[in-house]
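Here is the structure we will look at, set down as structure tokens.
The values are calculated or read from the model by the stated rules, or taken from the named source; none is laboratory data. For clarity, every value in this text was computed on a predicted model and none was experimentally measured. No Cβ is skipped: glycine too gets one built from the backbone with ideal geometry, and neighbour counts run over all protein chains shown.
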Amino acid sequence: MKTTDTGNSTESFVPKPFSQTFFHGTKADLKIGDLIQTGYQSNFVDRKLKHIYLSATLSAAIWGAELASGEGRERIYLVEATGLLEDDPNVTDKKFPGNPTMSYRSVHPFKVIGEVTVWQSHSSEQIRAMKEGIEKLKQQGIMAIEE
């Protein structure tokens, strides 16, 4: 997915009024106007990543918030991309061909424009099962994020 209509250059990206809003699930405590950028600890692996991730679906962002590492409160932010996006290959190529989760990544910051304060969590059993599955993949060396 590209969010520009004048080519692939990051210099050609121009946000439009009423641009697409995306969701970002995390435990980070952010404010409206903050930028989510690369260079910080990942929510899911023990290292800094070259990309940051978002989704056009609330469902994927809920999982992002629930599975994020750390001790903070689960949060879902409404964000706008400030540059080009690409399909998240960790989801689209490996788990869900065709990108039904509408998950994307970018090397460009996302601007926080709001927070979703009311959303339906998964059951504690579903979250525990997902975390156990992720841990099993990590132990098998399969839980790698393609960068």
request  = Sort out which residues of the stretch 90-133 are surrounded by 15 or more Cβ atoms within 10 Å (Cβ to Cβ) and modelled with pLDDT under 85, and write them in order of number.
outcome  = ASN90, VAL91, THR92, ASN99, THR101
query = Quick one: GLU71 ticks every box in (1) at pLDDT below 95; (2) touching a Pro at 6+ places or on another chain (Cβ under 7 Å) bar one, so which box is it?
reply = (2)
query = Regarding ILE62, is this residue in a helix (DSSP H, G or I), aliphatic (A, V, I, L, M), in contact (Cβ under 8 Å) with a residue 12 or more places away in the chain and more than 12 Å from GLY25 (Cβ to Cβ)?
reply = no
ask   = Do you know which residues across the stretch 32-80 are farther than 19 Å from VAL118 by Cβ and among the basic types (Lys, Arg)?
value = ARG47, LYS48, LYS50
Sole exception among (1) closer than 26 Å to GLY141 by Cβ; (2) in contact with a helix residue (DSSP H, G or I) (Cβ under 9 Å, 6 or more places away or on another chain) for TYR77, by number = (1)
request  = Scan the stretch 65-83 residue by residue and report those that are surrounded by 20 or more Cβ atoms within 10 Å (Cβ to Cβ) and either touching a residue at least 60 places away in the same chain (Cβ under 8 Å) or part of a helix (DSSP H, G or I) (or both).
outcome  = ALA65, ALA81
task = Consider only pairs whose beta carbons are under 9 Å apart and that are at least six residues apart or on different chains; among these, list those whose first residue lies in the stretch 84-98 and is within 14 Å of LEU54 (Cβ to Cβ) and whose second residue is modelled with pLDDT of 85 or more and part of a loop (DSSP other than H, G, I, E, B).
result = LEU84/VAL107; LEU84/HIS108; LEU85/HIS108; GLU86/HIS51; ASP88/HIS51
ask   = Which residues, taken from the stretch 62-74, are among the hydrophobic types (A, V, I, L, M, F, W, C) and out of contact with any helix residue (DSSP H, G or I) (no Cβ under 9 Å at 6 or more places or on another chain)?
value = ILE62, ALA65, ALA68
ask   = What number of residues within the stretch 1-48 satisfy the criterion of being of a type in the set (A, V, I, L, M) and at pLDDT below 65?
value = 2
query = Within the stretch 45-58, can you find the residues that are touching a Phe, Trp or Tyr at 6+ places or on another chain (Cβ under 9 Å) and either of a type outside the set (D, E, K, R) or surrounded by 13 or more Cβ atoms within 10 Å (Cβ to Cβ) (or both)?
reply = LEU49, ILE52, TYR53, LEU54, SER55, ALA56, THR57, LEU58
